[in-house]
Amino acid sequence: MATAPDTTSPLSEVQIEALVVMRIIKHATSTFPTPATGFLVGTDIAPQLQVTNSFPLPAAPIDQAQADSYHQPDAATLATAAPRAKSNVPYQNEMIKLLREVNVDAQSVGWYMSTNMGNFISQSFVENQFFYQKASDEKSVALVFDVSRSSAGSLGLKAYRLSPVFMNAYKEGKFTSESIQKSKLRYQDILIELPIKVHNSHLLTSFLHQVPQAPPAKTALDFPSSLAELSRDPDVSSNPFAPNLDSLDLSIDPFLEKSCDLMLDSIENHQTEQNNFQYWQRALGREQQKITAWQQKRKAENAARAASKQPPLDENEWQKLFKLPTEPSRLEALLVGRQVEQYARQVDGFSATVSAKMFGVKGNLLPGEIE
Amino acid sequence: MGSSSYLHLARPLAPAQISASTSTTAPCSVTIQPQALFSILDHASRRPADQERVIGTLLGTRSEDGTEVEIKNCYAVPHTETAEQVEVDMDYQKSMLQLHARAAPKEVLVGWYATSDELNTFSALIQNFYSQQGEGTWPHPAVHLTVSTIAGQDIAANTYISAPIGVTPERAADSCLFIPVPNEIKYGDAEKSGLELIAGARDREDRGQLLQTDIETLERSIEQVLEMLERVSNYVSNVLDEEAEPSSALGQFLMNTLALAPKVEPEQVERDFNNHIQDVLLVSYLANTIRTQIDLSNRLATAALTMGGEGKEGGEQKGGDRKREQRSGAGQRGQRAEQ
């Protein structure tokens, strides 16, 4: 979240090596559109968390005990389940052991996953991060990399942690109206976003200074003798790292369409949750009516028994006879709320840049019409 | 990177036991993805203080005929090197290869790297290990990538394939002929944004860079474009004033570039502009309305217990609102589909 990081969080900033950025990008784009998940290693120098290396995790194998023929989990579910899958624990340990031998920091600092258009907030995400964050002195983050947004401009990499309030609630596993009221948990408070800083090693810095950078120095170039020579010239034709002008791209519709689709999905989820809740309320109401009716009957009976000098019957026996339906968990509703907020922010950011670009184009093509 | 002119030599004939195979003699062209290179540089900076060079395994994909190799990933392999002998941790290499194969089954062993541009007897030994039958890359040639990381000198990446050489099998085991092959560094669209950010930290003292928002990136891009335009227009006006040397090739290039500007009617621009800006603003408006609605819904739901019946009513009424919202969202999409 854009608000100041929670003071109770042990971390204030995440520093990522350039290597990790590239590894995540490569892994995410190679598995796109299936989400990719992986493991982060590094060190923590409070209050900064340094992520110095990463490795991908294989997708969680299908759990034979839980697998049934009707409910085949798809690749996406398996991939997002990977960071907390039991079968991956030996994999992680092995990998960390081997990495330690070549002087790589061997402390687990979290995990990463890739997403498409910010569509990442789910039970699975929360469960993963909880899995990493539940240890008492942990310092771990979830890095979320947005593939589609990164191809269209600036790098979509975010670091999240679960807030302490949410951790407590999740630990107890209670997401009833009452517990939420008591803990004052709002969906805005589920995740804490941490600022990310990208860091280069000295060697990398010197390497980056060597690769061609545009525009070339003002003086060095000779004039080409022909057009063909110009296109052959390595200084001109090579594609430099920077500047990246992709962010000037004017395509709007795919983004809007996708955003609307995702938003509608979220609304549908919300509707389902709402229906569940209403169903529960109706069921609760019916049960309560039955109980009141039973209590009145028992009272009348007791009055009759008192009249005939018999001992009264237990008036609290209804607790054994009737069972109140349990309230459905409101966790999903909270997550849907957070997800919608994510989309809305994303759309806001997008419309800000795109309207700027569009006014620019209009001003350029229709000079004199803009005062 | 490096020079682009290479002389391709046919590989010399191999000893009998290898030449009988269908081993390819075509020169390889090697593509290196930046993350593999970054990983090698990272490994070089983490090497033990007493070791001149470190080595590791390259993973990647190979085209069907084996002539093109793309290096996608790599990992470090511990080894010790003294004046007399070299030891490579084979178990480590094997178990790491297995672990990587589990996470990325498509990537196979393609060769090895060393962080020094020196090619010596030990290089030949290791090269023969990597290109051997069984665990090596055989029948394809193993690619050897050298990245020189000497302080104070340029970082140069070179790739080689090898041919066996030596009159007897004993001599052939520890010698081979390294043939340079051309290599280039390639990256995709998504990587571009990452590389731009990484390159942004290049000129900073702390070698760090905070992630930027979309609008900041846009601002910087526009500034860069403006600066480039400024330079070009400066040059052109200097030529016109006969202060700078004219170049017909550059002039032609500029003409071609200018000809790319689309010819559109002002009405069309106006119409497209209005349509699109409406779309954008409407979606933005809807998104925020939905967000408010969901927020309201969550608040009402948790407030329901204290407010009794009222909260429930509010919740239901809000459900109706949301349905309307949904319809207008769908209508908006339909409208765009028509365009």
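The values are calculated or read from the model by the stated rules, or taken from the named source; none is laboratory data. Predicted, not measured: the structure shown is a model, and the values here were computed from it. Neighbour counts run over all protein chains shown; Cβ positions are idealised from the backbone, glycine included. Areas reflect the complete protein model, heavy atoms only, side chains present, ligands, DNA and RNA absent. Shrake-Rupley method; radii C 1.70, N 1.55, O 1.52, S 1.80 Å.
General observations
- Under 19 Å of direct C-alpha separation, and excluding same-chain neighbours fewer than eight residues apart, A:Lys362 reaches these lysines: B:Lys263.
- Within the accessible surface of the stretch B:264-307, defined with a 1.4 Å probe on protein heavy atoms only, the carbon and sulfur portion equals 58 percent.
- The stretch B:38-114: trypsin sites (Lys or Arg not before Pro) in DSSP coil with no more than 10 other Cβ atoms inside 10 Å: B:Lys106
- Remark: for residue pairs A:Lys184/A:Lys323; A:Lys290/A:Lys320; A:Lys86/A:Lys174, the C-alpha separation exceeds 18 Å in A:Lys184/A:Lys323; A:Lys86/A:Lys174.
- Farthest toward the positive end of the dipole of the stretch B:264-307, out of B:Val264, B:His276, B:Ile294, is the Cα of B:Ile294, where the dipole comes from beta carbon charges about the Cα centre.
- Positive contributions from Lys and Arg (+1) and negative ones from Asp and Glu (-1), summed over other residues with Cβ under 14 Å from the Cβ of A:Asn302, come out at +1.
- Rounded to the nearest 20, the Cβ-based charge dipole of the stretch B:264-307 about its Cα centre (Lys and Arg +1, Asp and Glu -1) stands at 500 debye.
- Here is the size of the stretch B:264-307 from its Cα atoms: Rg then Dmax, 18.9, 62 Å.
- When the residues B:Asp241, A:Asp146 are ordered by accessible surface, computed with a 1.4 Å probe over the protein chains alone, the sequence from largest down reads B:Asp241, A:Asp146.
- Considering all C-alpha pairs of the stretch B:29-187, those separated by over 19 Å amount to 52%.
- Where only alpha carbons of the stretch B:27-72 are counted, the Rg and the Dmax (Å): 13.2, 41
- From phi via Karplus (6.51, -1.76, 1.60), per-residue ³J(HN,Hα) for the stretch A:166-171 in Hz, x at Gly/Pro: 5, 4, 4, 4, 6, 4
- With K and R counted +1 and D and E -1, the other residues having a Cβ less than 9 Å from that of B:Ser116 yield a net charge of -2.
- Residue mean of other protein chain beta carbons inside 10 Å, B:264-273: 3
- Only protein heavy atoms count here; on that basis, with a 1.4 Å probe, A:Tyr170 has an accessible area of about 40 Å².
- Since only A:Leu334, A:Ala352, A:Phe255 are under comparison, the one whose Cα sits farthest along the positive direction of the charge dipole of the stretch A:254-366, derived from C-beta charges on Lys, Arg, Asp and Glu, is A:Leu334.
- Surface accessible to a 1.4 Å probe, B:Val264 within the full protein complex, Å²: 70
- Percent RCO, i.e. relative contact order, over the stretch B:29-187, from Cα pairs under 8 Å lying at least 6 residues apart: 24
- Area accessible to solvent at B:Glu223, 1.4 Å probe radius, in Å²: 100
- The stretch B:110-149: Rg to Rh, with Rh as the Kirkwood radius over Cα pairs: 0.99
- Restraint check, A:Lys139/B:Lys192; A:Lys258/B:Lys192; A:Lys139/A:Lys197, Cα-Cα greater than 28 Å: A:Lys139/B:Lys192
- Ordered from longest to shortest, the equivalent ellipsoid semi-axes for the stretch A:254-366 are 62, 10, 9 Å, each the square root of 5 times a Cα gyration tensor eigenvalue.
- Whole-percent carbon and sulfur share, accessible surface of the stretch B:190-260, 1.4 Å: 56
- For the chain pair A and B, the buried solvent-accessible surface (1.4 Å probe, both sides summed) amounts to about 10300 Å².
- Placing A:Phe55, A:Phe350 in order of accessible area, with the largest value first and a 1.4 Å probe, yields A:Phe350, A:Phe55.
- Summed residue charge, Cβ within 14 Å of A:Leu203's Cβ, Lys/Arg positive, Asp/Glu negative: +2
- Average accessible surface area per residue within the stretch B:29-187, 1.4 Å rolling probe, Å²: 43
- Lys, Arg +1 and Asp, Glu -1 on Cβ, resulting dipole of the stretch B:190-260 about Cα centre, debye, nearest 20: 300
- Student exercise, the stretch A:73-152 dipole from Lys, Arg, Asp, Glu Cβ charges, in Debye to nearest 20: 60
- For the stretch B:190-260, the spread of Cα positions along each principal axis, largest first, Å: 44, 29, 19
- In the stretch B:39-62, burial by the other protein chains removes 50 Å² or more of 1.4 Å probe accessible surface, compared with the chain on its own, from B:Leu41, B:Asp42, B:Arg46.
- Out-of-range pairs (alpha-carbon distance over 18 Å; input A:Lys97/B:Lys106; A:Lys97/B:Lys94; A:Lys134/A:Lys171; A:Lys26/A:Lys357): A:Lys97/B:Lys106; A:Lys26/A:Lys357
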